[in-house]
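The values are calculated or read from the model by the stated rules, or taken from the named source; none is laboratory data. Being a predicted model, the structure only gives us computed values, none of them experimental. Every residue, glycine as well, gets a Cβ built from its backbone with ideal geometry; the counts of neighbours run over all protein chains shown. For accessibility, only protein heavy atoms count, side chains too; no ligands or nucleic acids. Shrake-Rupley method; radii C 1.70, N 1.55, O 1.52, S 1.80 Å.
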Amino acid sequence: MNFGKFEEVDLFCIEKSQIYKNLGSGIKTLEFVLKYDENSILFFEAKKSCPNGNNRYESEEKNQKFEEYYSSMAEKFVAFLQIYLAAILDKYSDTSEIGDDLRSVKSMKDIQLKFILVVKNAEDITWLAGPLAELKARLLQVRKIWGVEVAVLNEELAGEYKLTC
């Protein structure tokens with residue numbers, strides 16, 4: 001999937017960052033954080049596919065893959081939120097890898113945080129409601145505490161929001 005053309009000042013691509021490398025192994029992360037507009041910050045993850053909840057209980061293997069997928073997704077979103085917040089609260093000595101517009105956020109009061117999962121191969125938009133409900137349930141605490149919105153999009157919808165090109 002090709003991500004949109006974003007300004008460096010609006011991005012934090014953690015996987016290549018020294019912050020992430022210094023944290024060591026065992027921390028799952030997302031693709032990137034994006035200052036989408038003046039009042040929203042998106043935490044973005046992209047996957048080719050996503051387990052179908054309708055056939056989750058057909059076998060132990062399918063149930064296990066379903067659990068692993070959604071547990072991992074929730075863990076990634078929460079970990080990346082914590083890394084980002086720690087960075088803007090000066091926990092790390094060098095945050096220069098974080099775009100200036102993301103790093104300069106002084107108050108979260110008027111900022112809408114959004115966790116976005118893009119499932120590339122999801123053709124049926126109505127099917128996305130299942131993964132959305134699963135993620136919302138697993139992220140209930142962080143949604144309540146931080147007022148985080150969750151969205152699950154396919155590649156077409158992500159393109160409409162200019163997240164992909």
In Å², rounded to a whole number, the accessible area per residue of the chain with probe 1.4 Å is 57 Å²
Looking at 158, 119, 78, which one has the Cα that reaches farthest to the positive end of the dipole of region 77-165 (charges on Cβ: Lys, Arg +1; Asp, Glu -1)? 78
If you take volume of the Cα convex hull per residue in Å³ from the coordinates, which of [x] 118; [y] 133; [z] 100 do you get? [x]
Within the set of other residues whose C-beta is less than 10 Å from the C-beta of residue 30, count the net charge using Lys and Arg as +1 and Asp and Glu as -1. -1
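Can you tell me the FRET efficiency between residue 27 and residue 109 if r is taken as the Cβ-Cβ distance and R0 is 22 Å, rounded to the nearest 0.05?
The value I calculate is 0.20.
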Please report, in debye to the nearest 20, how large the charge dipole of the chain is about its Cα centre when each Lys and Arg carries +1 at its beta carbon and each Asp and Glu carries -1 there. 420 debye
List 149, 134, 45, 7, ordered by accessible area with a 1.4 Å probe, largest first: 7, 149, 134, 45
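On a full-extension model of 0.36 nm per residue, what is the gain between residue 75 and residue 93, subtracting their alpha-carbon distance, rounded to one decimal in nm?
Extra length available between residue 75 and residue 93 comes to 4.0 nm.
Where nothing but the Cβ of Lys and Arg (+1) and of Asp and Glu (-1) is charged, how large is the charge dipole of region 41-116 around its Cα centre, in debye to the nearest 20?
200 debye
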Any idea how far apart residue 161 and residue 60 come out in nm if each label point goes 7 Å out from Cα toward Cβ? 3.8 nm
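Highest mean first, what order results for 91-98, 31-38, 113-120 on Cβ atoms within 10 Å? Mind dumping the intermediate values first?
Details: 91-98: 15.1, 31-38: 19.0, 113-120: 21.9.
Ranked from most to least packed, the peptides come out as 113-120, 31-38, 91-98.
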If each K or R counts +1 and each D or E counts -1, the residues other than residue 157 whose Cβ falls under 12 Å of its Cβ total -3
Per the 1.4 Å probe, what fraction of the accessible area of region 29-165, in percent, lies on carbon and sulfur atoms? 47 percent
To the nearest Å, what is the center-to-center distance of region 86-165 and region 1-46, using C-alpha atoms only? 10 Å
